[in-house]
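Engineer: Dropping the structure in here first, questions after.
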Amino acid sequence: MTRSFHYDIIVIGAGHAGCEAAIASARMGVSVAVFTMNLDNIGQMSCNPAVGGLAKSHLVKEIDALGGEMAKVTDKAGIQFKVLNKSKGPAVWATRVQADRALYRKYMRQALESQSGLGIKQENVEEILVKGNQVHGVRTTERIYKAKAVIVATGTFLNGLIHIGLENFLAGRTGEPPSIGLSKSLCEIGFKIGRLKTGTPPRLDVKGIDFSVMGIQEGDIPPPPMSLFTKEIKNPQLPCYITYTNENTHKIILDNLKYSPLYSGIIKGIGPRYCPSIEDKVIRFRDKTRHQIFLEPEGIDSDEYYTNGISTSLPCEVQVELVRSIAGLENAEVKKPGYAIEYDFVYPTQLKPTLEAKHIEGLFLAGQINGTSGYEEAAAQGLITGINAALKIKEREPFILGRHEAYIGVLIDDLVTKGTNEPYRMFTSRAEYRLLLRQDNADLRLMEKGYNLGLISEEVYNIFLKKKSMIEKEIKRLKSERVKPEVVNPILKKLGSSPIKEDASLYQLLKRPEIEYIDIARISPSTNGLTPSEIRSEDVASQVEIQTKYEGYIERQKETAERFKKIEEKKIPEGFVYKWIPGLSKEIIEKLEDVRPFNLGQASRIPGVTPVAISLLMVAVEKHKRTPQIL
Amino acid sequence: MKSFDDTIAAISTSLGYSGIGIVRLSGPDAISIVDKIFSSPKKKSLKQIPSHRIIYGHILNHLSKEVVDEVLVSVMRAPHTYTREDVVEINCHGGHVPLRRVLELVLENGARLAGPGEFTQRAFLNGRIDLTQAEAVLDTINAMTEQSQKVAMEQLSGSLSKRMEDLRDRLIELTAFVEAYIDFPEEDIELPSSEEMTKKALEMRNALRELVDSSRHGRILREGLKTAIIGRPNVGKSSLLNVLLEQDRAIVTEVPGTTRDVIEECLNINGFPVRIMDTAGIREARDIVEREGVERSLRAMQGADLILLVLDGSDDLHGTDRELIKSANSKNAILVVNKIDLPQKITNENLIPQNPPLPLLTKSPLSPPLSKGGEGGFNAIVKISALKGTGLDELREKISDMILKFSSAGGEASYSGLVTNIRHVKALEKALAHMNSLMDGINKGLSPELLSLELRDALDAIGEILGITTPEDILNKIFNDFCIGK
């Protein structure tokens, strides 16, 4: 066997998870090969042509701060940028980007191709090779490749089954073959496999759409980039359009339910509740007379529109009828029908917090295969597996983010601790430390870690450090600089803010809801020097403002996080035997055996594990620590 | 989830009506917490006391300026203690009631109520107990958990847990609204108007307040009903007290030489603790002027849960009697007509007050007063002879009736629907505080992610009582109630 068939890491799949995994690990200096069934579909957005949105942009910006690619590629492919929730607080602001599918593929492929130490192969992986409890490579349709670690990022391709009406056929995505052998292989090496379902809506030809009767949604001007590293968005910007279903649409759906695989019992997999098909919406919310549809452009040069809101698996001819019942779509052509897809997934409680399989050394799983949905969730897992596979090969400590550090930490902890039985999507409400995990401070939270991992360059890191110190200095100045009532009261009056009676610090003034940083800068401009050109001065200003205004809440959440730290640090030894702990109920023992938590904090989050059980566990772990030979 | 390096406290001797009890604290703040509520005759700070010393003094409630108990405090500094942390033990003399109050005071001052077996657990984790005892530690936690769960379950009766669950459902509903509004900005979800939010929050806050208040009623069950015996001189107040004491005395907390200015006598009436406050000087001198007696009586009525107004049935009603009847009428009072062994001059008609009741100036914790019976506006009129011991059973009956009625005041809660578990009370108070912050936040127009913080903390507190966690419930509620998803 020649050297070229031997890699440190093999990544199966070049979707959003696979790409981040491959690039991150290659950047960390190990040799990597990524396998895809089709080179032209690298970084394919198989569902809607958008990246980000609530909690998802948080993930993307964390990936960015850790040196991942998704945000940068999104900015290069973006055709509409919008910050959602602007009327609410900064912790729940979220950037949503409409992306050009073709450009996204192009730039992601470029990122892969330009990465040294990373090979791309168009080959079908049939089997994961395991010896004992150690992965040692893969077998493709062509040959065997050896590797120290394998990352499986196969999306919905495992035993994918597409449903349109009562017909169904095996496929990974529309027009692409599924992966059958690999699912069997995962089963054979001992994974417990489940089945999920998701769906997409029909795509329409632009020519038949009458936009004049629809609402229009433009992006923000100037477009707010996703990545810290993007100076400016260069693509032309396109609007989305809004229309609605009506009672006639609903009647068509109800009349044709017998042809729906969802309602005729053909589909067994569980679909996501937050992304229901139009059939589901009409049936479950019968009193709603209309449902919103977003028409999203597929790209600058594309004549396709994505009908976000009417995901369906009704037969093609019903889809045409359904679409044409909608205002503005009376003459629309369905270019590609919507469909439902069922696919295999691996119950993620079988994984460690590094996303390495508990029972097979060196085998990592990332993305939809772990029961998640969404490009962003996939990319986040991809990055973490890439990092941890590389660390493992370098025999360094694993990289695990806490729930108080990142949405990525929340995502992975939820998956490996609670598992999932529907496609898992991130929501800000899943994060108990939501006020700490803002998209605006992703770099402050994570960039140092990215730098230490070798994913952030020295140059970038130095700029970051400069920004960080500017923020700190400015806050310090605001706290120390005091203003006199006679000087500041006229200005306060103009701003509709009540006058001060005694000297007040600028910091105290900025805490008032009606005062913005820009007002403070007017009262007393910063003396901390001009912003270097490589740092966006508005980033510093908004950071100063947010940290000041949110201070009390941030402190409150930090204290809570601090309180739980000790229990998070109490490690449970691998192979710990739970059944010998007196007093634990059978159900709790089963739950603990199933998840095999790594520390007491994780154990305490397993649904059904009581505080008393944790007390008992803590004593038992301490006992084990003093005499490990007993257990 | 509890923390493992905070300061915990618990009553470490078994509860009962007799003997002394110990409140034990362990943790980094044990000494400073007790120092805040302890006063020694020489005004020495506990922080200056060398380790393993016992010091005499009093536990003070700074709020009510009351001496709670006369105590001996032992200070033991880490690491030579049972838990290897700083440990303080407060040896109380006063029996059940002061013991509970001392515990509540240390909790109010920053300690956390210890979980089952938590002292022993800490002792083990900190290496104080050796390995051979590990099994015993586990057994202790188990046994104590079983015991405390049994008690907690008994205390969290059906009607109460139903009320809590109902409250929790309402909290989840509002939280789901706020969360859906945050997480799905493009789904036409309108946050309820601030008036509507305030209304919902107010409803929940009131429900919580009712529960917390019911715990105050519960406190009566735990600590005794504060009772004042009043009346003009020579009507037989002290004879009544003495005869009750002879038959029903529970514990005497009278400690000569202390700074206690209120002497209490504790009675056990039909199983309920009743504390007779002797502020009025029931055992007053025989030759006291009538005016002075009335003044004392009026003072004694302040802050009493129950008033026993004693009249002399063998004498005509004096002007002062009428004055007292008028004042007591607006309170929870029982008219006790004494000396029925003598020829009677008082009839029920005499007892109907001539004027409408005076407006309430000071509210007792049990206010508003209970619905008036037909007998002259008083809850009850009981005729006794303290000398012969007649009518006392009826008096006991009326007192215990009244305690039961107090307990159910302000709601349909029955005797068993009271919040009496101190852990539950603390959690409810926490939830109530968060609901207050929520209303404040709505008022100030704070953004929804900040309001959500209060809602979630309130939910966590209720969840602590019911033993449930929440994040999934909120998401379930969102997907159930809102048509979400594009």
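Engineer: Over the range A:65-106, what relative contact order in percent results from Cα pairs under 8 Å that are six or more residues apart?
Structural biologist: 42
Engineer: Normalised by the empirical 2.2 N^0.38 Å for globular proteins, what value does the Cα Rg of the range A:561-631 take? Don't jump to the answer; show the numbers that get you there.
Structural biologist: Working: Rg = 11.3 Å, N = 71, 2.2 N^0.38 = 11.1 Å.
The range A:561-631 yields a ratio of 1.02.
Engineer: Return one whole number: the accessible area per residue of the range A:437-497 in Å², for a 1.4 Å probe.
Structural biologist: Averaged over the residues of the range A:437-497, the accessible area is 52 Å².
Engineer: Rounded to the nearest percent, how much of the accessible area of the protein assembly as shown (1.4 Å probe, protein heavy atoms only) is carbon and sulfur?
Structural biologist: In the protein assembly as shown, the share of accessible area belonging to carbon and sulfur is 51 percent.
Engineer: Using heavy-atom solvent-accessible surface (probe 1.4 Å) with all chains present, what is the largest-first order of B:F119, A:F229? Write down the numbers at each step before the final one.
Structural biologist: Details: B:F119 20, A:F229 70 Å².
Putting B:F119, A:F229 in descending order of accessible area: A:F229, B:F119.
Engineer: Next up: With point charges of +1 on the Cβ of Lys and Arg and -1 on the Cβ of Asp and Glu, referenced to the Cα centre of the range A:3-116, which listed residue (A:I63, A:L39, A:A77) lies farthest in the positive direction of the dipole?
Structural biologist: The listed residue farthest towards the positive side: A:A77.
Engineer: Just want to confirm a number: the relative contact order over chain A, from Cα pairs under 8 angstrom separated by 6+ residues, in percent.
Structural biologist: Once divided by the residue count of chain A, the mean separation gives 16 percent.
Engineer: May I pose another question? So how far apart, in nm, are the two label points at B:D139 and A:A102 if each is 7 Å from Cα heading toward Cβ?
Structural biologist: Going from the B:D139 label point to the A:A102 one covers 7.8 nm.
Engineer: Once all Cα-Cα distances of the range A:369-434 are split into 10 Å bins that start at 0, what whole-number percent is in each one?
Structural biologist: Going from the shortest bin to the longest, the percentages are 21, 52, 24, 3.
Engineer: Net charge near A:V34, counting Lys/Arg +1 and Asp/Glu -1 over other residues with Cβ under 14 Å of its Cβ?
Structural biologist: Values: positive: A:R27, A:R109, A:K121; negative: A:D8, A:E20, A:E69, A:E113, A:E123.
Here the count lands on -2.
Engineer: Now for a different question. Can you pull the Rg over Rh of the range A:239-336, Cα-only, Kirkwood? The partial results should precede the final answer.
Structural biologist: Values: Rg = 13.5 Å, Rh = 14.1 Å.
Radius of gyration relative to Kirkwood radius: 0.96.
Engineer: Here is a follow-up. Over what distance in Å are the Cα centres of the range A:494-508 and the range A:41-103 separated?
Structural biologist: Cα centroid to Cα centroid, the span is 39 Å.
Engineer: What residues of the range A:259-298 lose no less than 10 Å² of accessible area with every protein chain in place versus their chain by itself (probe 1.4 Å, heavy atoms only)?
Structural biologist: A:R273, A:Y274, A:C275, A:P276, A:K281, A:R284, A:F285, A:K288, A:Q292, A:F294
Engineer: If eta is 1.002 mPa s and T is 20 °C, what Stokes-Einstein diffusion coefficient results for the range A:549-599, Kirkwood Rh from Cα pairs, in µm²/s?
Structural biologist: Using the Kirkwood radius from Cα pairs, D works out to 160 µm²/s.
Engineer: Ok, one more. For q values of 0.16 Å⁻¹, compute log₁₀ I(q)/I(0) with the Debye formula on a Cα-only model of the range A:163-218, without solvent.
Structural biologist: Summing over Cα pairs of the range A:163-218 leads to -0.76.
Engineer: Report the gain in length on full extension from B:L63 to B:E173: 0.36 nm times residue separation, minus Cα-Cα distance, nm rounded to one decimal. Mind showing how you got there, number by number?
Structural biologist: Details: separation 110, 0.36 × 110 = 39.60 nm, distance 3.76 nm.
So the extension gain works out to 35.8 nm.
Engineer: Using a 1.4 angstrom probe with every protein chain in place, what is the largest-first accessible-area order of A:H359, B:H434, B:H80, A:H58?
Structural biologist: B:H80, A:H359, B:H434, A:H58
Engineer: Run the quick spin-label model on A:E559 and A:E113: label points 7 Å from Cα toward the beta carbon, then report their separation in nm to one decimal.
Structural biologist: Computed distance between label sites A:E559 and A:E113 equals 5.6 nm.
Engineer: Next question, about the same structure. Determine the alpha carbon to alpha carbon distance for each of B:K162/B:K426; A:K82/A:K352; B:K237/B:K388 and list only those over 26 Å.
Structural biologist: Over 26 Å apart, Cα to Cα: A:K82/A:K352.
Engineer: Compute the separation of the alpha-carbon centres of the range A:205-254 and the range A:147-191 and state it in Å as a whole number.
Structural biologist: That distance is 32 Å.
Engineer: While we're here: Accessible area, 1.4 Å probe, largest first: how do A:R596, B:R168, A:R396, B:R299 sort?
Structural biologist: I get B:R299, A:R396, A:R596, B:R168, largest accessible area first.
Engineer: Just to verify a number: FRET efficiency for A:C316 and B:D188, C-beta to C-beta distance, R0 = 30 Å, to 0.05?
Structural biologist: So the FRET efficiency works out to roughly 0.50.
Engineer: Another question about this same structure. Within 10 Å of each Cβ of B:107-119, how many other protein chain Cβ atoms are there on average?
Structural biologist: 1
Engineer: Excluding ligands, DNA and RNA, what is the solvent-accessible area per residue of the range A:187-278 at a probe of 1.4 Å, expressed in Å²?
Structural biologist: Spelled out: the 1.4 Å probe surface of the range A:187-278, per residue, equals 48 Å².
Engineer: For the pair A:S469 and B:A78, what calculated FRET efficiency results from E = 1/(1 + (r/R0)^6), where r is the Cβ-Cβ distance and R0 = 41 Å, to the nearest 0.05?
Structural biologist: E(calc), rounded to 0.05, equals 0.55.
Engineer: Find how much the distance from A:E395 to A:D205 grows on full extension, using 0.36 nm per residue of separation minus their present alpha carbon separation; answer in nm with one decimal.
Structural biologist: 63.1 nm
Engineer: Helix-derived [θ] at 222 nm for the protein assembly as shown: sum -39500 (n - 2.57) over DSSP H runs of at least 4, divide by residue count, nearest 500?
Structural biologist: Values: 33 runs with 441 residues, N = 1117.
After summing the helix terms and dividing by residue count, I get -12500 deg cm²/dmol.
Engineer: List the extent of the Cα atoms of the range A:82-228 along each of their three principal axes, largest first, rounded to whole Å.
Structural biologist: Dimensions of the range A:82-228 along the principal axes of its Cα atoms: 60, 45, 31 Å.
Engineer: Rg (Å, one decimal) plus Dmax (Å, integer) for the alpha carbons of the range B:171-216?
Structural biologist: 13.7, 46
Engineer: Continuing with this model, one more query. Report the antiparallel proportion of the DSSP beta bridges in the protein assembly as shown as a percent, rounded to a multiple of 5.
Structural biologist: The antiparallel proportion sits near 70 percent.
Engineer: Leaving out ligands, DNA and RNA but keeping every protein chain, what accessible area does B:V87 have, in Å² rounded to the nearest 10, with a 1.4 Å probe?
Structural biologist: Accessible area of B:V87: about 10 Å².
Engineer: Below 8 Å, C-alpha to C-alpha, sequence gap of six or more: please give me the relative contact order for the range A:10-73 in percent.
Structural biologist: Value for the range A:10-73: 32 percent.
Engineer: Could you list the square roots of 5 times each eigenvalue of the Cα gyration tensor of the range A:1-107, that is, the equivalent ellipsoid semi-axes, sorted largest first and rounded to whole Å?
Structural biologist: After scaling each eigenvalue by five and taking roots: 31, 16, 9 Å.
Engineer: Mind putting together the pair-distance distribution for chain A? All Cα pairs, 10 Å bins, whole percent per bin, short to long.
Structural biologist: With 10 Å bins starting at 0, P(r) equals 3, 15, 24, 24, 19, 11, 4, 1, 0.
Engineer: Okay, next question. Return the percentage of antiparallel bridges among DSSP beta bridges fully within chain A, rounded to the nearest 5 %. Walk me through the numbers on the way to the answer.
Structural biologist: Numbers: 55 of 77 bridges.
The antiparallel fraction comes to roughly 70 percent.
Engineer: What distance in nm separates the simple spin-label points at A:D594 and B:Q344, each placed 7 Å from Cα in the Cβ direction?
Structural biologist: Here the answer is 7.2 nm between the modelled labels.
Engineer: Using a 1.4 Å probe on protein heavy atoms only, how many Å² of accessible area do A and B hide from each other, summed over both chains and rounded to 100?
Structural biologist: By this definition, chains A and B bury close to 4900 Å².
Engineer: Under 18 Å from a label point 7 Å along Cα→Cβ of A:N421: give me every residue in the range A:590-631 with its amide N that close.
Structural biologist: Those under the cut-off are A:590-595, A:606-609.
Engineer: Any chance you could tell me what percent of the C-alpha pair distances in the protein assembly as shown go past 61 Å?
Structural biologist: Taking all Cα-Cα pairs of the protein assembly as shown, the fraction more than 61 Å apart is 24 percent.
Engineer: A further question follows. What accessible surface, in Å², does a 1.4 Å probe find on B:C483, ignoring ligands, DNA and RNA and rounding to the nearest 10?
Structural biologist: Estimated to the nearest 10 Å², B:C483 gives 20 Å².
Engineer: Then there is this: Roll a 1.4 Å probe over the protein heavy atoms and report the accessible area of A:Y339 in Å², nearest 10.
Structural biologist: 10
Engineer: Once you list every other residue whose beta carbon is under 12 Å from the beta carbon of A:V130, what net charge do they have if Lys and Arg are +1 and Asp and Glu are -1?
Structural biologist: -1
Engineer: Follow-up. Near A:E20, within a Cβ-to-Cβ distance under 12 Å, what is the net charge of the other residues, with Lys and Arg +1 and Asp and Glu -1?
Structural biologist: Charge balance near A:E20 sits at -3.
Engineer: Just the number, please: percent antiparallel of the DSSP beta bridges in the range A:1-143, rounded to the nearest 5. Walk me through the numbers on the way to the answer.
Structural biologist: On the way: 15 of 24 bridges.
Looking only at bridges with both residues in the range A:1-143, the antiparallel portion is about 60 percent.
Engineer: At a Förster distance of 45 Å, what's the computed FRET efficiency of A:E304 paired with A:K493, Cβ-Cβ distance as r, to 0.05?
Structural biologist: Efficiency, rounded to the nearest 0.05: 0.20.
The values are calculated or read from the model by the stated rules, or taken from the named source; none is laboratory data. Remember, it's a predicted structure, so these values are computed and weren't measured experimentally. Heads up, the Cβs are rebuilt from the backbone with ideal geometry, glycines too, and the neighbour counts pull from every protein chain shown. All accessible areas refer to the heavy atoms of the entire protein, side chains included, with ligands and DNA or RNA removed. Shrake-Rupley method; radii C 1.70, N 1.55, O 1.52, S 1.80 Å.
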